[in-house]
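Visitor: Dropping a structure here in structure tokens format, bear with me for questions.
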Amino acid sequence: MAKIKPFKGVRPPQALVEEVASRPYDVLNSEEARAEAAGNDKSLYHIIKPEIDFPAGTDEHTQPVYDKAVENFAKFQKEGWLVQDEKEMYYVYAQTMNGRTQYGLVVCANVEDYLSGKIKKHELTRRDKEEDRMIHVRINNANIEPVFFAFPYQEELDAIVKATVAGPAEYDFVAPDGFGHHFWKIEDDATIARITELFAGIPYLYIADGHHRTAAAALVGAEKAKQNPNHTGDEEYNFFLAVCFPDNQLNIIDYNRVVTDLNGLSEEEFIAKISENFIVEEKGAEIYKPNALHNFALYVGGKWYSLTAKEGTYNDNDPISVLDVTISSNLILDQVLDIKDLRSSKRVDFVGGIRGLGELQQRVDSGEMKAALALYPVSMKQLMDIADTDNIMPPKTTWFEPKLRSGLVIHKLN
């Protein structure tokens with residue numbers, strides 16, 4: 001059962017939230033962060049991407065850069081740009097994109113739940129990325145950025161959220177990317193206790209986005225437990241910051257592929273090879289979007305094609321084999337293009353569906369890439385089925401939008 005707790009959030013005052021809040025650390029590079037934070041001392045990028053306070057080209061993984069994050073975090077609190085709430089509470093964080101709003105509960109999730117598998121993952125993590133975030137959590141003694149969880153819809157929790165958002169929001173603004181962000185406090189003791197109790201009846205939480213941050217937060221918590229001879233399990237470091245959304249509110253968008261070459265094949269030979277496992281229909285110059293599971297869009301040679309996997313090329317009863325990323329990886333990238341390892345190959349790149357299929361076409365037409373493959377998005381049910389069977393999705397399978405805005409609330413580990 002999921003163990004959560006309320007916490008004393010560290011947050012910007014209402015008047016400063018738009019200056020402080022930022023995109024997550026891993027969706028932009030150092031130069032982009034430097035540009036977004038230009039002229040704004042209050043931007044959270046000074047804490048989550050502190051290399052922007054050094055000359056361009058500075059290695060972000062050096063000790064002086066990590067130390068700068070600590071210095072800036074302390075400065076933000078000293079200046080009153082971040083202030084800790086006096087009471088432990090939960091929060092509601094809502095996001096609006098394209099006229100649709102999803103509502104999440106901001107909680108502290110439990111380290112042991114992650115280590116024991118009650119918080120389920122669907123992706124592999126890389127140790128170097130874990131270690132980078134572990135250092136950041138460890139030296140700041142805080143979860144500066146939240147992770148993004150999903151949970152099976154629960155009617156009473158939904159009712160609590162609806163009652164909360166009927167009142168005035170603590171924050172309510174539209175970020176530069178056009179997405180709306182809305183934030184409420186849950187201060188009533190009885191409601192807080194009931195939320196904790198209701199989560200205790202939920203068997204599993206699911207990592208939607210933030211596998212490396214989750215692993216880092218849990219591993220640092222476990223470190224602190226070992227270092228404390230009087231450890232009880234109730235200390236603040238046993239918990240980490242998460243925003244939990246009901247599964248019925250979340251949409252996963254497509255995560256597409258572009259390739260640099262056709263493995264020595266002509267365009268005609270490439271199409272012929274693909275036709276062995278797919279029904280191929282030429283669609284012309286107008287962008288074609290996949291319309292169902294096992295249907296793909298291919299762009300090559302100035303033309304779009306519909307590809308439908310032939311029966312017998314996949315197994316709908318296997319949670320991994322049924323995935324379109326598996327089908328395309330096995331039957332096109334591997335068999336036809338000889339791209340074996342998506343994590344390391346320099347011949348393939350990945351494009352989040354938020355950029356649109358026009359981005360795929362542009363990258364091919366520019367000559368940078370030779371062909372593009374658009375996939376039908378994975379469903380939340382598929383993600384949860386894979387996590388429930390302790391399977392791991394292939395690389396670059398899921399893309400969630402909108403991303404959580406960082407800086408709305410921070411969790412200290414003491």
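Visitor: Would the range 338-398 count as rounded, prolate or oblate if I go by the C-alpha gyration tensor, calling it rounded below 1.5 in a/c and otherwise prolate when a/b exceeds b/c, oblate otherwise?
Guide: Values: a/c = 3.73, a/b = 1.69, b/c = 2.21.
Verdict is oblate for the range 338-398.
Visitor: Right, here's the next one. Testing the spin-label approximation: label points 7 Å from Cα along Cα→Cβ at His61 and Ala272. State their distance in nm.
Guide: For His61 paired with Ala272, the spin-label model returns 4.6 nm.
Visitor: Something else about it: If I take all pairs of Cα atoms in the range 141-291, what percentage of them are more than 24 Å from each other?
Guide: 58
Visitor: Give the accessible surface of the chain per residue, rounded to a whole number of Å², with probe radius 1.4 Å and ligands, DNA and RNA excluded. Can you show the working numbers first?
Guide: Numbers: 17840 Å² over 414 residues.
In whole numbers, the chain has 43 Å² accessible per residue.
Visitor: Glu156 to Asn414: FRET efficiency via 1/(1 + (r/R0)^6), r the Cβ-Cβ distance, R0 45 Å, to the nearest 0.05?
Guide: Efficiency, rounded to the nearest 0.05: 0.90.
Visitor: How do Met1, Met369 stack up against each other in accessible area, from largest to smallest, with a 1.4 angstrom probe?
Guide: Values: Met1 110, Met369 20 Å².
Correct descending sequence by accessible area is Met1, Met369.
Visitor: Measure up Lys303/Lys346; Lys49/Lys120; Lys224/Lys412; Lys8/Lys49; Lys310/Lys340; Lys49/Lys346 against 18 Å on the Cα-Cα distance and list the ones that go over.
Guide: In this structure, Lys303/Lys346; Lys49/Lys120; Lys8/Lys49; Lys310/Lys340; Lys49/Lys346 lie more than 18 Å apart at Cα.
Visitor: Give the Debye-formula value of log10 I(q)/I(0) at each listed q (0.21 Å⁻¹), with one equal scatterer per alpha carbon of the range 259-414, two decimals each.
Guide: Debye curve over Cα of the range 259-414, log10 I(q)/I(0) at q = 0.21 Å⁻¹: -1.54.
Visitor: Compute from the Cα atoms of the range 105-158 the Rg and the Dmax, the latter being the longest Cα-Cα distance, and quote both in angstrom.
Guide: When restricted to the Cα atoms of the range 105-158, Rg and Dmax are 13.6, 40 Å.
Visitor: Hey, what number do you get for the chain at 222 nm if only DSSP H runs of n ≥ 4 count, each worth -39500 (n - 2.57), divided across all residues, to the nearest 500?
Guide: -8500 deg cm²/dmol
Visitor: Please give me, ordered by residue number, the GluC sites (Glu not before Pro) of the range 255-326 that lie in loop per DSSP and have at most 16 other Cβ atoms within 10 Å.
Guide: Glu276, Glu286, Glu311
Visitor: Quote the Stokes-Einstein diffusion coefficient, in whole µm² s⁻¹, for the range 1-79, based on the Kirkwood radius over alpha carbon pairs, a temperature of 25 °C and a viscosity of 0.890 mPa s.
Guide: Details: Rh = 13.7 Å.
It diffuses with D of about 179 µm²/s by this estimate.
Visitor: At 18 Å minimum axial length over the Cα atoms and a Kyte-Doolittle cut of 0.5, report the qualifying DSSP H helices in the chain, or say none.
Guide: none
Visitor: Excluding residues on the same chain fewer than 8 positions from Lys162, give the aspartates and glutamates whose Cα lies under 20 Å from its Cα.
Guide: Once the sequence-local aspartates and glutamates are set aside, what remains near Lys162 is Glu170, Asp172, Glu187, Asp188, Asp189, Glu197, Asp247.
Visitor: Keeping the other protein chains in place, figure out the carbon and sulfur percent of the accessible area of the range 281-368, with a 1.4 Å probe. Intermediate values should be presented prior to the final figure.
Guide: Numbers: 1780 of 4320 Å².
C and S fraction of accessible area: 41 percent.
Visitor: A follow-up question, please. May I ask you to give the average projected area over all directions of the convex hull of the Cα atoms of the range 276-353, in nm² rounded to one decimal?
Guide: The Cα convex hull of the range 276-353, projected and averaged over all directions, gives 5.9 nm².
Visitor: While we're looking at this one, here's another question. Do you know the relative contact order of the chain, to the nearest whole percent, from alpha carbon pairs under 8 angstrom that are 6+ apart?
Guide: 24
Visitor: With springs only between Cα atoms under 10 Å, which of Asn295, Asn330, Asn315 fluctuates most in a Gaussian network model of the chain?
Guide: Top of the fluctuation ranking is Asn315.
Visitor: With a Förster radius of 22 Å, plug the Cβ-Cβ distance of Ile354 and Asp388 into 1/(1 + (r/R0)^6) and report the FRET value to the nearest 0.05.
Guide: Working: r = 27 Å, r/R0 = 1.24.
Plugging the Cβ-Cβ distance into 1/(1 + (r/R0)^6) gives 0.20.
Visitor: Label 7 Å along Cα→Cβ of Val83; the range 1-29 residues with amide nitrogen under 12 Å?
Guide: Only 11-17 pass the distance filter.
Visitor: Tell me the volume per residue, in Å³, of the convex hull enclosing the alpha carbons of the chain.
Guide: That works out to 152 Å³ per residue.
Visitor: Now, a different point. Determine the shape class of the range 205-266: with a ≥ b ≥ c the square roots of the Cα gyration tensor eigenvalues, call it rounded for a/c under 1.5, and otherwise prolate if a/b is greater than b/c, oblate otherwise.
Guide: Oblate, because a/c is 1.5 or more while a/b does not exceed b/c.
Visitor: Figure the gain on full extension for Asn248 and Val70 (residue separation times 0.36 nm, minus the Cα-Cα span) and round it to one decimal in nm.
Guide: So the extension gain works out to 60.3 nm.
Visitor: Distance from the Cα centre of the range 253-269 to that of the range 357-390, in angstrom?
Guide: 13
Visitor: If you wrap a convex hull around the C-alpha atoms of the range 28-120 and split its volume per residue, what is the figure in Å³?
Guide: 189
Visitor: Here's another thing I want to ask about it. Going by the alpha-carbon gyration tensor, a ≥ b ≥ c the square roots of its eigenvalues, is the range 226-334 rounded (a/c under 1.5) or, if a/c is not under 1.5, prolate (a/b greater than b/c) versus oblate?
Guide: prolate
Visitor: Can you give the Rg/Rh ratio of the range 44-183, where Rg is from the C-alpha atoms and Rh is the Kirkwood radius?
Guide: 0.99
The values are calculated or read from the model by the stated rules, or taken from the named source; none is laboratory data. Small disclaimer: the values here were computed from a predicted structure and weren't measured. We place every Cβ from the backbone using ideal geometry, glycine too, and count neighbours over all the protein chains shown. Surface accessibility is based on the protein's heavy atoms, side chains included, excluding ligands, DNA and RNA. Shrake-Rupley method; radii C 1.70, N 1.55, O 1.52, S 1.80 Å.
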